[in-house]
Every structure is written in structure tokens, then in C-alpha cells.
Amino acid sequence: MKEFALLVLITGFMGVIDIKAMVKNGLKKEMIVYLVLLVIAGSLGVLFMTTPLRSSILKFLLKLFHVEW
């Protein structure tokens, strides 16, 4: 649980700093892309921290393309 809290705090802190800089410089399009990537990264982090024994993304992609390894 400590790892999850640390992930959220670090991601949130860095996100706030970056978004403030983007607003100051008027980078609205870049801010939207940044927020989307931040949400995706946070979601994947939460997903893998809650169920660490789940198959990895690479394993899923290899299975999707029928690659044996």
C-alpha cells in the first residue's frame, strides 16, 4: 500500500509542476497530451500494483499476434 501512495504522490506532484509550467507558457495542446499520458501511466501503474501476478503487457501483445516464446 505504501508503494501505491508513493506512486500517486510522485505522479501528482510532478504533474502539478509540469502543468503549471505549461499553463504559464500557453501550451494547451501539449497539456492535453500530457494529461492523457499521465492518466494512462497512472492507470497502468495502479493496475499492475494491485495485481502483480497478472500477465504483463508484453505477454498480452505476444499472445495477440500469436507469437510463441
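Cα axis of helix 28-50 to longest principal axis of the chain: angle in degrees, 0 to 90, nearest 10?
40
What trypsin sites (Lys or Arg not before Pro) in region 37-66 are in a loop by DSSP, with at most 12 other Cβ atoms within 10 Å of the Cβ?
For trypsin sites (Lys or Arg not before Pro) across region 37-66 that sit outside H, G, I, E and B with at most 12 neighbouring Cβ atoms in 10 Å, the list reads R54.
Given the chain reduced to its alpha-carbon atoms as identical point scatterers, what log10 I(q)/I(0) does the Debye formula return at q = 0.22 Å⁻¹?
Calculated log10 I(q)/I(0) at the listed q: -0.93.
Where a number appears in this text, it was derived from the coordinates with a stated rule and is not lab data. Bear in mind the structure is a predicted one, so any value in this text is a computation, not a measurement. A quick note on method: Cβ atoms are made from the backbone with ideal geometry, for glycine too, and the neighbour counts reach across all protein chains shown.
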